[in-house]
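The structure appears right after this line, and notes come after that.
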Amino acid sequence: MLRMTGIGKSFLGVRVLGGVDLEVSAGEVHAVVGENGAGKSTLMKILAGVHAPDEGTIEIDGRSVAFGHPVEAQRAGVAIIYQELTLLPERTVAENVFLGREPVRRGLVDRAAMETATGELLKSLGEESFGPRDLVRRLSVARQQVVEIAKALSLNARIVVMDEPTAPLADHEVELLYTLVRRLTARGIAVLYVSHRLREIFDLADRITVLKDGALVTTTEASSLDTAGLVRLMVGRELDSYYPPRAADPPGEVLLSVRGGGNARLRDIDLDLRAGEIVGVAGLQGSGRTELAKALFGAEPFTTGEMTPRRPRSVREAIAAGIGLVTEDRKAEGLLLNQRVRDNALLVARATGAPQPRTGVERLLERVRLSPPRPAQEVRLLSGGNQQKVVLAKWMTVAPRVLLFDEPSRGVDVGAKAAIHDLMRELARDGMAILMISSELPELIGMSDRIVVLRDGRLAGELPAGSTEEAVMSLAAAS
Amino acid sequence: MTQQLKLGRVPAGGALLRRISADRPARPVYVALVLLVVLGWLVFALDGGTFLGQENIVGIQQRSAALGIVAVGQTLVILAGSLDLSVAYLISLTSLVTAEIMAGADANVPTAVAAALTVSALIGLANGLIVTRLRVHAFIATLGVALVVRGALDARYDGPAGSVPESFQHLGYDRIGPLPVSALLWAAVAACTWLLLSRTRLGYRIYAVGGDAEVARLSGVRTERVVVVAHVLCSVCAGIAGLLLASRLGAGAPTVGTDGGYDLESIAAVVLGGTALAGGRGGVAGTVGGVLLLAVLDSIFNQLEVNSFAKDVVRGVILVAALAIYARGRRTR
Amino acid sequence: TSDKPAPSASGAPAGAPAGSAAPADKGTGEQSKFFVQADYDAQMAMRKAQPTGPSDKPWEQTIDPQLVDTADYKKAGPYHLCFSNAAVDNPWRQVGWKTMQAEVALHKEITKFTALDAEGKDDKQISDIAELTGKGCDALIVSPNTTATLTPAVSGACPKVPVIVFDRGVQTDCPVTFIKPIGGYAFGAAAAEFLVDKVPAGGKILALRILPGVDVLETRWSAAKVAFDKSDLQVVGVEFTDGDAAKTKSVVSDYIQRYGKIDGVWMDAGATAVAAVEAFEDAGQPVPPINGEDQQDFLKKWSDAKLTAIAPTYPTYQWRTPVIAALKVLKGEQVPKVWNLPQPAITQENLATYLKPGMPPLHYALCGCEDLPGYPEKWGGTS
Amino acid sequence: MRRALPIFVVLAGLLVAIAVVNPYFLEPPAFLAFVKRAAPLVILAAGQYFVIVSGEFDLSVGSLVTAEVVIAARLIDGSAEATWPVLALMIAFGLIVGLVNGVVTTLLRVPSFITTLGMLLILSGAVFLWTGGSPRGALSEQFRQLGRGSLGPVPWSVLILAVVAAAAVWATRARFGHTLVAAGDNDRAAALSGVRVARVRTVAFMISGLSAAVAAILLGGFAGVSAQVGKGLEFQAITAVVLGGVALGGGRGSVAAAMAGAFTLEALFTLLNLYGISGALEPAVQGVIIIAAVALGAVRFPRARAAAAS
Ligand SMILES: Nc1ncnc2c1ncn2[C@@H]1O[C@H](COP(=O)(O)OP(=O)(O)OP(=O)(O)O)[C@@H](O)[C@H]1O
Ligand SMILES: Nc1ncnc2c1ncn2[C@@H]1O[C@H](COP(=O)(O)OP(=O)(O)OP(=O)(O)O)[C@@H](O)[C@H]1O
Ligand SMILES: [Mg+2]
Ligand SMILES: [Mg+2]
């Protein structure tokens, strides 16, 4: 029912898509995969009328269409859940769901109808914890994603695009989404599904289209591929093992230690981080993992408890004590998107008055495997993986003793992810203590020397390396 | 689950102001207004006047009508995430267009009104197109348009010109009981705008575009159109204020808008009313409160015969203090 | 000046030659549309006329009065006077306003004096006048912000209370009396005639104006234009300065640079005269004949640098007169329908009497306030 | 730098256009006179740059300039001895006003547009409350020299401008400059990287206040006491900075370009004057040129969003 042929697109003279063909039939889940910057989102945005393609044609039901604005794509039956949240925090859920398509009666917006319809949609999504009149800014990110999904569904579209819909979701919410996707396809709706989580791809997809460097690699039946094969297609080479080997030596001295740490969201946190080890943090959405990282980093400091080095009351104190944080939201909290790579890399050093690296920024960029390592490039033009590497470079200039990673591979492709994992191991081997928060259980289990589990702002327990996903989940979810 | 929800909430001890300003941005300004009215009543009582007397109430309304109408228009552009610094010159221009076309004759009134509104709509269109099509920051775009309008005024006019007929002056001077016609006009403009913002698609989209233009666009809103329409409506409001002033002055005047300081004062009134300067939050009710607050303040100043320098100091302090209070209210949600 | 134009909201002042001169004429451009021959003639006549009244109190003097009866307004004291002021946004109005307040304080029979400041806003002044008419005033003094636009408000007040207008007029004769100095033509002519007298034939004159379109300023220039057109001087430029000293200085410097030498400077207001003088000093040139106004900084410069200068005035002592007039009206005494006050010019001969060390630089010498209580401290001076 | 280039081209073009009409313009005395005239605005633009690049506005500089001159005149009151202490006081006052602007904006979280609008009202009211309505006292000759006099052929104001420009460029290259731009680009990310966002922004406001004090010294020196020296300067300074390609909203642009923007504006005034554009048309021409220049800048160098939206 959908056929995109020979799609090409350039931004500022840089070609990001070229000659991509995509065919989707009714009732199918069609996955689109590829590394960061492969052009998945760009392709989806072209379908959604956000970008106009430089070349190529789009046909829906055999009729050729050209969208100059998202609203035209909506009218043609395309709905999209964007990779980034596209909600207005100051408006209600209902207003967001019907944004741009408010029902009117006698010239005035029919609020009652809007709220009823939203309520029904939410119910069909199994969401009862909030209602159509709640302000979106009061909802957690996961719930906001539910609103996002409701918004796409409310269009009654025939093609639904989901660009990394599960990124902010926890596992049980992902399950709900699965059910939903299946319900859509049962009604003959085509679903285009973009994700870096390969497990989801195999769980859901009928066919898989692989993009690499803006070009089409192939489209195949999902059943004809296994994970390794898919990765090979995406990366263009074999990735022998997923995770770098753990350190052979026992961990060294304690570099950071908390006893009874607490604040508005956390209680009774006892934690030791030792040189050379990677400690994983597991927990459900909203369990306080990010708060833990921010507390250790002085951004939302502990108000009670003991800590060595001295409990930081501000980010600067934490940095001075040798603690760094790779935030979960790169663009909002990690990077200066309009500045050059170089200025980003030197930011912490400049801000704290630390000496700038003598080896030069170029060496550092090589070390974090930025490719190509061009210090004069503006960061906003880099792929997600490369951006994450710039964040890493930023911390390495000041050589922290403890580095906290909050979702280090969120929205990062398999290739860049492997590079970041390697680097984390390398840093640990060099004597750094690493705390890693991740919602991806395989990553958490694969990387961590031990895993602490958070629940409702408290430590629910600790698990050794190599624990099973079930063990982690049962600790995280137990009531 | 319940515990999680509790954790997410504001601690119960949150300050009163914080709570009242949390969801309804207009509320604090009315609280302040009530307090000021009480203060005014006291001041007048001690000073031998009657604050709530008809004279004074009429005076307050008369004084606030023109600014009120402009500020309502300004609310629209600010909510849409833009800004209009050209209203003052536009007011002068429309007052002149009105008075010159009327030329003292009753028969010309409809033409003149239509012409004034058309001119202002066109200027608004220019503002909107420069902001959206040429992607010039609204601050610079409307400042530039203001300069152009000023050039046109300087080139054509050396002082008051034209005259409006007696019949048209009813708009500026008559009143129905304690309600001046000008205040009713203001109320009508405010009510229409309120309806527009809270009950029409356009209103919803103005909030959306001001809240986050990119989100609005991705959700299928034609954001540029919305911004342009907001600018056109704002300018039309300025045009209406120009009509009102022409009616009150009996003529058009090339400096009436700038002398009145309608550009910065209207912005001040809007933000006093709790509308976020960045757009997307607030509304007309707050603006009306903000304008009334300034008018009551003026009336107290008048009664106390405060000199204009002291007035500026007080106004500056109130403006900053009010915004600081709003900011406190929003910090913890 | 009577009323510096109120600040415009947008910035960006810049110099520009105005009145692109037709080659045949004197470089003065077209006559202003504000020019009224009859008014001009009348003012020229008044300049020569002898005022009646006490010569040591020019604010009580009047030229060519046509007295009107005020018996209708007569009432017993004490009185409540009201005043709607256009603005106090420039030094001229500041000096005048202080003078008026001091005058009020002189009269025990005025027990209440309510003044509202319109801050340069026509609309506010209209409301102010309406508000004042409702406050039980015995007489209302109005200093209008603009002529045409305040006419309806003043007309509205006349039936309720005796109205006295000063400085600027209104387009109705309903006020009991209108008080003004002789006027702008007299000012402009005095300065221009001085230059015609002092500058050798063929000399290059630079005319500096504040803004176009302000009635009281337009008349000054139009009278000067008449004088220059009759003379053998060449007006090489008519420039607007926005009343901005830095801009004035730049404009004058540019002209000195362009023409090598400027032989005379005519100004429609004195506020930036010192800046113009300094432009010559900074260029290392002798200062040509120039006119200023009665502000202390100019008088001091004149005296210190031994300038060839004249200072026509628009006296601030006119702020005393409305109070005096109001009392006369309320006592049923006759007042002139148009109360023309004398408008002296400061010349080399009487410069010393007007130069008052200890007064602020922007103080106006013709305040007529020296005998008032509180002088000089109240006017910012030191004795 | 890429963004900054166009303004230098435009400036060069304008200077050439002026020289065509007035061949003497490019000779040292005339050119120095031009630079001297432009100096106060250039200095204000440099100060304003720091505020704008950090993501804020400073609308209070115009009234601060007026206040400074009025304060100086009253305190100096013609006395030579008082000159230097009062100059120091003016600098301190500028810094304090900037400090207040900065603290109110960063700690009380009032949008800077409003903070500085309030400051504008407060300053213009308070200073005249203090002097009783209009300026009093007088500036001393020593004070006036800074704006009027020269060292050999080079006016003092040109020298002061050179120092200010050098200091401004140095400041943007120093750590402070980088952290300031970081705060303007993404204050959250900057804060989480250890930048003291509130502090650097406050310092930016203080620099703007300082630049207003210096501009006031030059303007007061050049033309003497007046109640309206600073009128409209805030809009001119902001316009100049934006002309220089500095983005309102922060994070982009160079101080050299901002200063070039101020020169451009001044050259534009001069040119309009030379070509005899009448006083009335002048603002109109200016308005069109400003919009056009900024629009062209936006078209050439789209922001991420602008590109996404096209
Ligand atoms: N608006 C834009 N302007 C300039 N470049 C852009 C723009 N949008 C995307 N790009 C670039 O286009 C390339 C493809 O980006 P796209 O977002 O489509 O990748 P993706 O496959 O979705 O990656 P990810 O997995 O990180 O979401 C990237 O190099 C990106 O930097
Ligand atoms: N009970 C709650 N009520 C409202 N908001 C909540 C609640 N719990 C969490 N949130 C919000 O949800 C978001 C995620 O919370 P938090 O960062 O603590 O979770 P996390 O375990 O780090 O999860 P993740 O990192 O996957 O987002 C935060 O913005 C937080 O404010
Ligand atoms: Mg993507
Ligand atoms: Mg988190």
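Measuring heavy-atom accessible area with a 1.4 angstrom probe and counting protein chains only, the residues of segment B:190-231 that give up at least 50 Å² relative to the chain alone are B:Arg199, B:Arg201, B:Tyr204, B:Glu214, B:Val215, B:Arg217, B:Leu218, B:Ser219, B:Gly220, B:Arg222.
Taking every protein chain into account, the 1.4 Å probe leaves B:Cys192 with about 90 Å² of accessible area, to the nearest ten.
Accessible surface for segment A:170-227, divided over its residues, is 44 Å² per residue with a 1.4 Å probe. If you take all other residues with their beta carbon under 14 Å from the beta carbon of C:Thr62, and give Lys and Arg +1 and Asp and Glu -1, the sum is +2.
For segment B:50-322, averaging the sequence separation of C-alpha pairs within contact (under 8 Å, six or more residues apart) and dividing by the residue count gives a relative contact order of 37 percent. With heavy atoms of protein chains only and a 1.4 Å probe, what residues of segment D:116-135 have at least 50 Å² less accessible area in the full set of chains than alone? Residues of segment D:116-135 that lose at least 50 Å² of accessible area once the other chains are added: D:Leu117, D:Leu121, D:Ile122, D:Leu129. For segment A:253-477, the solvent-accessible area of protein heavy atoms averages 34 Å² per residue (probe radius 1.4 Å; ligands and nucleic acids excluded).
Other residues lying with their Cβ under 15 Å from the Cβ of D:Phe263 contribute a combined charge of +1, Lys and Arg counting +1, Asp and Glu -1. Leaving ligands, DNA and RNA out of it, report the carbon-plus-sulfur percent of the accessible area of chain D at a 1.4 Å probe. Carbon and sulfur: 71 percent of the exposed surface of chain D. Of the residues A:Ala112, A:Ala167, A:Phe202, the one whose Cα sits farthest towards the positive end of the charge dipole of segment A:2-235 is A:Ala112 (charges of +1 on Lys and Arg Cβ, -1 on Asp and Glu Cβ, taken about the Cα centre). Interface between chains D and B: roughly 3500 Å² of accessible area buried, both sides summed (probe 1.4 Å, protein heavy atoms only). Computed on segment A:1-61, the Cα convex hull volume stands at 77 Å³ per residue. Could you tell me what percent of the accessible area of segment A:2-235 is made up of carbon and sulfur, with a 1.4 Å probe and every protein chain present? Looking at segment A:2-235 in its full context, I get 49 percent from C and S.
Normalised by 2.2 N^0.38 Å, where N counts its residues, the alpha-carbon radius of gyration of segment A:253-477 equals 0.97.
Taking the protein heavy atoms of segment A:253-477 in the context of the full set of protein chains, the accessible area attributed to carbon and sulfur is 48 percent at 1.4 Å.
Protein-only accessible surface at a 1.4 angstrom probe places the residues B:His137, A:His421, D:His178 in the order B:His137, D:His178, A:His421, largest first.
Note on exposure: B:Tyr173, A:Tyr242 ranked by accessible area (1.4 Å probe, complete protein assembly) read A:Tyr242, B:Tyr173, with the most exposed listed first. Against the longest alpha carbon principal axis of chain A, how many degrees, from 0 to 90 and to the nearest 10, is the axis of helix A:171-186 turned? With rounding to tens, the tilt is 10 degrees.
Please report, to two decimal places, log10 I(q)/I(0) for chain D at q = 0.07, 0.10, 0.12 Å⁻¹ as given by the Debye formula with identical point scatterers on the Cα atoms and no solvent. Result of the Debye calculation: -0.27, -0.55, -0.80. Taken across both chains, chains B and C shield about 2800 Å² of accessible surface from a 1.4 Å probe.
Note on B:Asp106: accessible area approximately 100 square angstrom, rounded to 10, probe 1.4 Å, nucleic acids and ligands left out.
Probing with 1.4 Å while keeping every protein chain in the model, the per residue accessible area of segment B:50-322 equals 28 Å².
Chain A gives an Rg/Rh value of 0.97, both radii derived from C-alpha positions and Rh following Kirkwood. The longest part of chain C holding none of the exposed loop trypsin sites (Lys or Arg not before Pro), meaning those outside H, G, I, E and B in DSSP with at most 14 other Cβ atoms within 10 Å, is C:161-260. Site-free segments of chain A were taken between trypsin sites (Lys or Arg not before Pro) in DSSP loops having at most 12 other Cβ atoms within 10 Å, sites themselves excluded; the longest one is A:359-479.
These residues, A:Ser223, C:Ser143, B:Ser163, A:Ser64, go from largest to smallest accessible area, 1.4 Å probe, as A:Ser223, A:Ser64, B:Ser163, C:Ser143.
Which residue, D:Val69, D:Val154, D:Val86, has the most motion in a Gaussian network model of chain D that connects Cα atoms within less than 10 Å? With Cα springs under 10 Å in chain D, the top fluctuation among D:Val69, D:Val154, D:Val86 is at D:Val154.
Legend: helices of chain D (whole DSSP H runs) are marked when their alpha-carbon atoms reach 20 angstrom or more along the helix axis and their mean Kyte-Doolittle hydropathy is at least 1.6; marked are D:5-21, D:61-76, D:83-106, D:112-131, D:156-173, D:197-223, D:255-274, D:281-300.
Close amide H contacts of A:Phe11 (hydrogens built in the peptide plane, cut-off under 5 Å, sequence separation of 5 or more or a different chain): A:Val16. Per residue, the Cα convex hull of segment C:171-304 amounts to 116 Å³.
Working note: 222 nm ellipticity from helices only, DSSP H runs with n ≥ 4, each -39,500 (n - 2.57), summed and divided by the residues of the protein assembly as shown, gives -16500 deg cm²/dmol to the nearest 500.
Residues whose amide H comes within less than 5 Å of that of C:Trp339, counting only those at least five positions distant or on another chain, are C:Phe178, C:Ile179, C:Lys180 (H built at 1.01 Å from N in the peptide plane). The mean of 1/r over all distinct Cα pairs in segment B:50-322, once inverted, gives the Kirkwood hydrodynamic radius of 18.6 Å. Just the number, please: buried accessible area between D and A, total of both chains, 1.4 angstrom probe, nearest 100 square angstrom. It comes to approximately 2200 Å² buried between D and A. Orientation-averaged projection of the protein assembly as shown equals 56.8 nm² [convex hull of Cα atoms, one quarter of hull surface area]. Computed over chain A, relative contact order equals 15 percent, with contacts defined as Cα pairs under 8 Å that lie 6+ residues apart.
Phi-derived couplings, Karplus 6.51 cos²θ - 1.76 cosθ + 1.60 at θ = phi - 60°, listed residue by residue for segment C:149-155: 6, 9, 3, x, 5, 5, 4 Hz, with x used for Gly and Pro. Across segment B:290-298, coupling constants 3J(HN,Hα) worked out from phi with the 6.51/-1.76/1.60 Karplus curve, θ = phi - 60°, read x, 5, 4, 4, 4, 5, 5, 4, 4 Hz, and Gly and Pro carry x. Under the convention that each Lys and Arg Cβ holds +1 and each Asp and Glu Cβ holds -1, the size of the dipole of the protein assembly as shown around its Cα centre is about 2200 debye. Per-residue 3J(HN,Hα) values for segment A:260-276, derived from phi via the Karplus relation 6.51 cos²θ - 1.76 cosθ + 1.60 with θ = phi - 60°, read x, x, x, 7, 4, 10, 10, 9, 6, 8, 10, 7, 10, 10, 10, 4, x Hz in sequence order (x marks Gly and Pro).
Under a 5 Å amide H cut-off, with hydrogens placed 1.01 Å from N, A:Val217 pairs with A:Val210, A:Leu211, A:Lys212 among residues at least 5 apart or on other chains.
The values are calculated or read from the model by the stated rules, or taken from the named source; none is laboratory data. Treat the numbers as computed from the prediction; the structure is a model and nothing was measured. Heads up, the Cβs are rebuilt from the backbone with ideal geometry, glycines too, and the neighbour counts pull from every protein chain shown. Quick note on the areas: whole protein, heavy atoms, side chains included, nothing else; ligands and nucleic acids left out. Shrake-Rupley method; radii C 1.70, N 1.55, O 1.52, S 1.80 Å.
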